[in-house]
Amino acid sequence: MLNRLAREAHSLDDWLRDHVPLYGVILTWGLVVAILGSLRSLGRALGDASDGGGLGDTVTLVFQAALLVSQLAQWHEHREDRRRRREARG
């Protein structure tokens, strides 16, 4: 069921990219806002861990760092896709 949901989401994403001009702008700003939120959360997790936090704080720190890396990679992919589409149009 999860695989089907992922395929449907991918199809919808493709359709939105082709038919909704502002979709790319919405994605870009959404990713930027999410990245800023992750930076804030990571900062809080770093502060908690440095205050002698326990295992839970360390797990939160690792998760927030991994999430930030993933979001930055998504943003990079989105920008590269936009650049390739722009170059293909001429």
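GNM on the chain, alpha-carbon springs under 10 angstrom: the most fluctuating residue among R44, R17, R79 is R17.
Of the residues V69, W29, L42, the one whose Cα sits farthest towards the positive end of the charge dipole of the stretch 21-89 is W29 (charges of +1 on Lys and Arg Cβ, -1 on Asp and Glu Cβ, taken about the Cα centre). What does the charge count near S41 come to, summing +1 for each Lys or Arg and -1 for each Asp or Glu among other residues with Cβ under 15 Å from its Cβ? Neighbourhood net charge equals 0. Per-peptide packing, taken as the mean over residues of other Cβ atoms within 10 Å, places 61-71, 23-33 in the sequence 61-71, 23-33 from highest down.
Enter the angle in degrees (range 0 to 90, nearest 10) between the Cα long axis of helix 23-50 and the first principal axis of the Cα atoms of the chain, meaning the one along which they spread out most. Compared with the principal axis, the helix lies near 10 degrees. Take every pair of alpha-carbon atoms less than 8 Å apart whose residues are at least six positions apart; their mean separation over the length of the stretch 21-89 yields a relative contact order of 38 percent. Pair-distance distribution P(r) for the chain, from all Cα-Cα distances in 10 Å bins starting at 0: 15, 32, 28, 17, 6, 1 percent. Karplus-based coupling profile of the stretch 2-16, in residue order and whole Hz: 5, 4, 5, 4, 5, 4, 5, 5, 5, 4, 5, 4, 4, 5, 4, with θ = phi - 60° in 6.51 cos²θ - 1.76 cosθ + 1.60 and x standing for Gly or Pro.
Readers should treat all values here as calculations from the given coordinates under stated rules, not as data from a laboratory. In this text, all values refer to a predicted model and were calculated from it rather than measured experimentally. Every residue, glycine among them, receives a Cβ derived from its backbone with ideal geometry; neighbour counts consider all protein chains shown.
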